[in-house]
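Presented below is the structure to which this report refers.
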Amino acid sequence: MLEIKGTYNHALVFTNTIEETAKRQVEELCSLPYLQDTKIRMMPDLHAGKGCTVGTTMTISDKVIPNFVGVDLGCGMICAKLEIKKEDVNFEKLDKTIKKNVPSGTRVRNKEHRLTIEIPFAEVAAPINESRARLSLGTLGGGNHFIELNEGNDGSIYLVIHSGSRNLGKQIAEHYQQVAHLSLGDAVPKDLAYVEGNAMKDYLWDLSIAQKYAALNRKTMVDVICRGMNWEIESTFDTIHNYIDLDNMILRKGAISAQDGEIVIIPMNMRDGSLICRGKGNPEWNFSGPHGAGRIMSRSQARKLVALEDFKDSMKDVWSTSVVASTVDESPFAYKDMHDILAHIDETVDVLEVIKPIYNYKAH
């Protein structure tokens, strides 16, 4: 564990190594006078990010910095345990079903999914493109978002999807980033501008809708895929990692809730799979855990340093049509080793199982 001090506060970092850029970001965070009373804890997978480090958790009270949560409000994972075995899976059919029915990248659906009715778009205070938001429910997005089938130790099969609030969250986030900047002017750097009072109330309200939308977006994709494959679902759970926990007023950017007894999923990389864990509810960790392995290469670095053939070789045991040049920045080599994360999380979660990928899909 490391302690990083700033002018007004300090942060505990639950790892022994930290990149210099991330360290400077944490120091900057701890030097903001309006964060002097917050409890700041950094997760083991932290790395430099936009606004603040990915892996940040902090308590919030009367002010919040919209840029810290970022634009993909409510981004997270859904894990659905299926009533099938590996030998039941037609991988080619699955791949075609996803490509046909789950738009990825910037694409949207041709018509609204029936679950769209569950989102109260009219109650959003920020100006939004409602028609696009409606057609985006049930879409994957790009970057590190993915759809996987994973196999458990006992042969159980899990459908795992990583996605967020799509363009709706981006519109809401950017609106309140601008509100914060305009209200404070040049007194505070734009990336560090905060909202308070009624603006904070509106932001948290809109954020709650975006977070509901993100969870429903993941649920919608599970519904579409399972209907297309004629699969039955045994159980599901959802783990959010880019949001504000409104029940406990904890901001988590690239971090998850790990309350006592809470079942969570932590993805490592597209070769090694994900950890299914049970939270311990450790207050020293802000009741939080890491959201993944954390990057050790930027996307541009990975594109320069990772050979496509090495990427393909690392994924030889996973059925995928997504192991291509355009996804090399998501290769296993771009992320920290799984064991580096496992070595630092026993105070906040118990690892129940490591589920291994047998199928992977990413936008490309």
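The values are calculated or read from the model by the stated rules, or taken from the named source; none is laboratory data. Bear in mind that the values here come from a model prediction, so they are computed numbers and not experimental data. Ideal geometry is used to build each Cβ from the backbone, glycine not excepted, and the neighbour counts take in all protein chains shown.
How many residues does the stretch 229-264 contain that are in contact with a Phe, Trp or Tyr (Cβ under 8 Å, 6 or more places away or on another chain) and more than 20 Å from Lys280 (Cβ to Cβ)?
2
Of all residues in the stretch 107-129 being under 27 Å from Asp329 (Cβ atoms) and charged (D, E, K, R), which is surrounded by the most Cβ atoms within 10 Å (Cβ to Cβ)?
Within the stretch 107-129, the match that is surrounded by the most Cβ atoms within 10 Å (Cβ to Cβ) is Arg109.
What's the number of the condition Thr97 fails, among (1) modelled with pLDDT of 95 or more; (2) more than 28 Å from Ala210 (Cβ to Cβ); (3) out of contact with any Cys (no Cβ under 7 Å at 6 or more places or on another chain); (4) β-branched (Val, Ile, Thr)?
Looking at each condition in turn, Thr97 falls short on (2).
Sort out which residues of the stretch 333-364 are over 24 Å from Phe14 (Cβ atoms), assigned to a loop (DSSP other than H, G, I, E, B) and not aliphatic (A, V, I, L, M), and write them in order of number.
Of everything in the stretch 333-364, those that are over 24 Å from Phe14 (Cβ atoms), assigned to a loop (DSSP other than H, G, I, E, B) and not aliphatic (A, V, I, L, M) turn out to be Lys362, His364.
If you scan the stretch 48-59, which residues turn out to be crowded, with 22+ Cβ neighbours inside 10 Å and either within 27 Å of Leu182 (Cβ to Cβ) or among the hydrophobic types (A, V, I, L, M, F, W, C) (or both)?
Cys52, Thr53, Val54, Thr56, Met58
Considering only residues that are of a type in the set (Lys, Arg) and within 18 Å of Lys170 (Cβ to Cβ), which ones fall in the stretch 204-244?
Matches in the stretch 204-244: Lys212, Arg218.
Is the stretch 25-37 home to any residue that is in contact with a His (Cβ under 7 Å, 6 or more places away or on another chain), of a type in the set (A, V, I, L, M, F, W, C) and either in contact (Cβ under 8 Å) with a residue 40 or more places away in the chain or within 20 Å of Tyr335 (Cβ to Cβ) (or both)?
No: the stretch 25-37 contains no residue that is in contact with a His (Cβ under 7 Å, 6 or more places away or on another chain), of a type in the set (A, V, I, L, M, F, W, C) and either in contact (Cβ under 8 Å) with a residue 40 or more places away in the chain or within 20 Å of Tyr335 (Cβ to Cβ) (or both).
Out of the residues in the stretch 280-310 that are of a type in the set (Gly, Ala, Ser) and part of a helix (DSSP H, G or I), which is surrounded by the most Cβ atoms within 10 Å (Cβ to Cβ)?
Only one residue fits best here, namely Ala302.
Of the residues that sit in the stretch 161-199 and are acidic (Asp, Glu) and part of a helix (DSSP H, G or I), which one is surrounded by the fewest Cβ atoms within 10 Å (Cβ to Cβ)?
The residue in question is Asp186.
Need pairs with beta-carbon distance below 9 Å; first residue farther than 14 Å from Val69 by Cβ and touching a residue at least 24 places away in the same chain (Cβ under 8 Å) and within the stretch 168-191, second crowded, with 19+ Cβ neighbours inside 10 Å and of a type in the set (Asp, Glu); sequence gap 6+ or separate chains.
Close Cβ pairs satisfying both conditions: none exist.
Please state which of the following conditions Thr139 fails to meet, knowing it meets all the rest: (1) outside any loop (DSSP other than H, G, I, E, B); (2) touching a strand residue (DSSP E or B) at 6+ places or on another chain (Cβ under 8 Å); (3) of a type outside the set (A, V, I, L, M).
Checking Thr139 against (1) outside any loop (DSSP other than H, G, I, E, B); (2) touching a strand residue (DSSP E or B) at 6+ places or on another chain (Cβ under 8 Å); (3) of a type outside the set (A, V, I, L, M), the one that fails is (1).
Got a sec? Which strands (runs of 3 or more DSSP E) wholly within the stretch 206-261 have at least 1 residues that are more than 16 Å from Gly70 (Cα to Cα)?
The strands (runs of 3 or more DSSP E) meeting that bar are 233-245, 255-257.
List every residue pair whose Cβ atoms sit under 7 Å apart, with the two residues 6 or more apart in sequence or on different chains, where the first one lies in the stretch 127-139 and is more than 18 Å from Leu207 (Cα to Cα) and the second, anywhere, is among the β-branched types (Val, Ile, Thr) and at pLDDT 95 or above.
What qualifies is Leu135/Val108; Gly138/Val102; Gly138/Thr220; Gly138/Val224; Thr139/Val102; Thr139/Val108.
Looking at (1) closer than 21 Å to Asp62 by Cβ; (2) among the hydroxyl-bearing types (Ser, Thr, Tyr); (3) free of Cβ contacts under 8 Å to residues at least 60 places away in the same chain, can you tell me which one Thr116 breaks?
The failed condition is (1).
Here is a list: Arg303, Arg299. Which entry is more than 30 Å from Ile119 (Cα to Cα) and within 19 Å of the chain's Cα centre (by Cα)?
From the options Arg303, Arg299, the qualifying one is Arg299.
Regarding Arg132, is this residue modelled with pLDDT of 95 or more, of a type in the set (Lys, Arg), under 26 Å from Ile244 (Cβ atoms) and buried (at least 18 other Cβ atoms within 10 Å of the Cβ)?
For Arg132, the condition - modelled with pLDDT of 95 or more, of a type in the set (Lys, Arg), under 26 Å from Ile244 (Cβ atoms) and buried (at least 18 other Cβ atoms within 10 Å of the Cβ) - is not met.
Of the residues Thr57, Thr17, Thr97, Thr53, only one is free of Cβ contacts under 8 Å to residues at least 12 places away in the same chain and polar (S, T, N, Q); which?
So the residue among Thr57, Thr17, Thr97, Thr53 that is free of Cβ contacts under 8 Å to residues at least 12 places away in the same chain and polar (S, T, N, Q) is Thr17.
Just need a number here: residues in the stretch 2-46 that are closer than 20 Å to Ala258 by Cα and in a strand (DSSP E or B).
Within the stretch 2-46, residues that are closer than 20 Å to Ala258 by Cα and in a strand (DSSP E or B) number 10.
Would you call Asp202 farther than 30 Å from Lys85 by Cβ, at pLDDT 95 or above, in a helix (DSSP H, G or I) and among the charged types (D, E, K, R)?
Criteria met by Asp202.
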